[in-house]
Amino acid sequence: MKKKTIIWTVSILSIIVIGIFAINAGKGKASSFDNVKNFQGEMKLYKSGSCGCCDIYSNYFKNKGNSRTEIIDLEILDSIKGKYEIPSELESCHTTIIGDYFVEGHVPLEAVEKLLKEKPDIKGIAMPGMPSGSPGMPGAKKGDFIIYAVNNDGTYNEFIRI
């Protein structure tokens, strides 16, 4: 009799603990991109219409970030990169404009959320190249994603490492 009581007690406590963890985990994920999702200003993602990874990233950004993001296909993005003064060594294949900021490349939404939450006095953020395993890119992640903050004077430094 005691053995059954102990088993039932342990089982019920386990279910309660698992339930609490599941609820808290769900809350964290549901609100993790609130600043991106609720951003009311202009959001435009400029990409090449013939680039598959750009299509995947734009879907990622709209589905997990902000569904109101306008997607604009251009054959050449040099004018956008020049207009926002994105350093050539930090360029990637697409550029997202969020209010007064640019987000260059396959930047994970965690970095965009940090940008919109902290609102630093910078031009934007960039992750150069097309790193394997980043949003929109196939393959496994190899090392940290380093996202740079581009300062108003054109210099840049590490913004976040994911």
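Counting just the residues of the range 132-162 that are assigned to a loop (DSSP other than H, G, I, E, B) and among the acidic types (D, E), which one comes out surrounded by the fewest Cβ atoms within 10 Å (Cβ to Cβ)?
D153
Can you find a residue in the range 117-129 that is closer than 16 Å to K62 by Cα, of a type in the set (G, A, S) and at pLDDT 95 or above?
No, the range 117-129 contains no residue that is closer than 16 Å to K62 by Cα, of a type in the set (G, A, S) and at pLDDT 95 or above.
Just give me the residues in the range 62-72 being surrounded by fewer than 16 Cβ atoms within 10 Å (Cβ to Cβ) and of a type in the set (D, E, K, R), in sequence order.
K64, R68, E70
Give me the residue from the range 45-54 that is free of Cβ contacts under 8 Å to residues at least 60 places away in the same chain and surrounded by 14 or more Cβ atoms within 10 Å (Cβ to Cβ) and, out of that set, nearest to A111 (Cα to Cα).
L45
Does G49 satisfy the criteria of being assigned by TED's automatic domain parsing to the domain that holds P138, modelled with pLDDT under 85 and over 23 Å from Y156 (Cα atoms)?
Answer is yes for this residue.
The values are calculated or read from the model by the stated rules, or taken from the named source; none is laboratory data. As the structure is a prediction and not an experimental result, all values here were calculated from the model. Heads up, the Cβs are rebuilt from the backbone with ideal geometry, glycines too, and the neighbour counts pull from every protein chain shown.
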